[in-house]
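What follows is a short report on a single structure.
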Ligand SMILES: [Zn+2]
């Protein structure tokens, strides 16, 4: 399978974070097929369009207290 383009990765990441956030890198990776090492560079590219928030919090999916990503303005309170 061809490597997804940087643009595809941004689309995948923003869609994922829009649907469910905050998410840790491990959960982003399993749900998006992005390599863990790809997430930060993709988030940085993403920020040219949408601000990405990084913080220490509980991941919505695995509930680990770790570095999680979310999109500014779309984080929903549980
Ligand atoms: Zn997680």
Tell me which residues, restricted to the stretch 1-21, are within 15 Å of the ligand (Cβ to nearest atom), surrounded by fewer than 17 Cβ atoms within 10 Å (Cβ to Cβ) and not in a loop (DSSP other than H, G, I, E, B). 19
Checking the condition within 9 Å of the ligand (Cβ to nearest atom), at pLDDT 95 or above, more than 25 Å from residue 3 (Cβ to Cβ) and crowded, with 19+ Cβ neighbours inside 10 Å, which residue from 24, 59 passes? 59
Let me spell it out: the conditions are (1) within 15 Å of the ligand (Cβ to nearest atom); (2) at pLDDT 95 or above; (3) out of contact with any helix residue (DSSP H, G or I) (no Cβ under 6 Å at 6 or more places or on another chain), and residue 37 meets all of them except one. Which number is the exception? (1)
Which count do you get for residues in the stretch 40-53 that are in a helix (DSSP H, G or I) and out of contact with any helix residue (DSSP H, G or I) (no Cβ under 7 Å at 6 or more places or on another chain)? 3
Filter the stretch 22-39 down to the residues that are in a helix (DSSP H, G or I) and closer than 15 Å to residue 66 by Cβ and list them by number. 25, 26, 27, 28, 29, 30, 36, 39
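The values are calculated or read from the model by the stated rules, or taken from the named source; none is laboratory data. Predicted, not measured: the structure shown is a model, and the values here were computed from it. Note: ideal-geometry Cβ built from the backbone for every residue, glycine included; neighbour counts use all protein chains shown.
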